[in-house]
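Just below is one structure, and these are the notes that go with it.
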Amino acid sequence: MEKFFQDEEPSSLQIDFTKAIWATDQLNKIFHNAGMFILKDVDFVAETETEIIFVECKNSNRVDAENAEAFNPKSDKHINGVAQKYYDSLSFLKFTDKNLHKKKIFCYIIESKSGDSVLRNFLRTRIANLLPFKLQRQEILPCTTMIDEFFVLSFAEWNKKFPQFPLTRLTDAICQN
C-alpha cells in the first residue's frame, strides 16, 4: 500500500506515512464515489500502535494558489468546515476495522500569508470549541473518547511534533514566503 501522499491538486506538499501501520488519503474518493457529497473528509488518516491521527492541510501560501487573497481562515464557514471534516471522517472510520479505542488526534496544518502563531491559536480555540471535547465528558456517553487531542500547526511545527511522518514541500509549488 502506498504511504506517500500529496495534498490536493495541484500538489504542494507530500507526507510520508511509511512508518504508520495503516494510512489513507482516499476518504474523499470513497465519499464521492458513493455520491455522499454532503460528507466532508480530512486529507489523511494514519494509524500507529497507539493512535489514529486525522490530518487536514491547508496551504494558501503558494505562488500558484488560486484566489489566495480570498482565503479567510477566520470565517465561520471555514472553521465549521474543518470541524465537520473531523466528525465525518471519524464516523466513517467507526464502521471500518480500525481500532478507535486508540488515542484520536486531529491535526490541522495551515500555511497562509497570515498564518502566524496568533492565527493558529485563534483557530485552535475556535475549532476546539466545535469538536466533541465537552460532549464526551457527559455521563450519558460510553467511556470511549471521540477525540483526545487537537493541534493547529505550521508545516515546521508538524515536523517537530511528528518527525516519524515528515511533511515536505514539493518543488513544483514554491511558497510565497
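The values are calculated or read from the model by the stated rules, or taken from the named source; none is laboratory data. Fair warning: this is a prediction, and the values are worked out from it, not measured in the lab. A quick note on method: Cβ atoms are made from the backbone with ideal geometry, for glycine too, and the neighbour counts reach across all protein chains shown. Heavy atoms of the whole protein, side chains included, go into the accessibility calculation; ligands, DNA and RNA do not. Shrake-Rupley method; radii C 1.70, N 1.55, O 1.52, S 1.80 Å.
General remarks:
- Checking each residue in region 76-106 for being of a type in the set (D, E, K, R) and under 16 Å from Ile30 (Cβ atoms) picks out Lys85, Asp88, Lys94, Asp97, Lys98.
- Filter pass, Phe44 being of a type outside the set (A, V, I, L, M) and within 25 Å of Asn80 (Cβ to Cβ): yes
- Where a residue in region 25-43 is open to solvent by 70 Å² or more (accessible area, probe 1.4 Å) and its partner, wherever it lies, is not in a loop (DSSP other than H, G, I, E, B), with Cβ under 7 Å and at least six apart: Lys40/Gly81; Lys40/Gln84; Lys40/Lys85; Lys40/Asp88
- Tally, over region 80-129, of residues that are buried (at least 18 other Cβ atoms within 10 Å of the Cβ), under 16 Å from Lys161 (Cα atoms) and out of contact with any strand residue (DSSP E or B) (no Cβ under 8 Å at 6 or more places or on another chain): 0
- Identity of the residue in region 11-67, aromatic (Phe, Trp, Tyr) and more than 17 Å from Thr168 (Cβ to Cβ), that ends up modelled with the lowest pLDDT: Phe37
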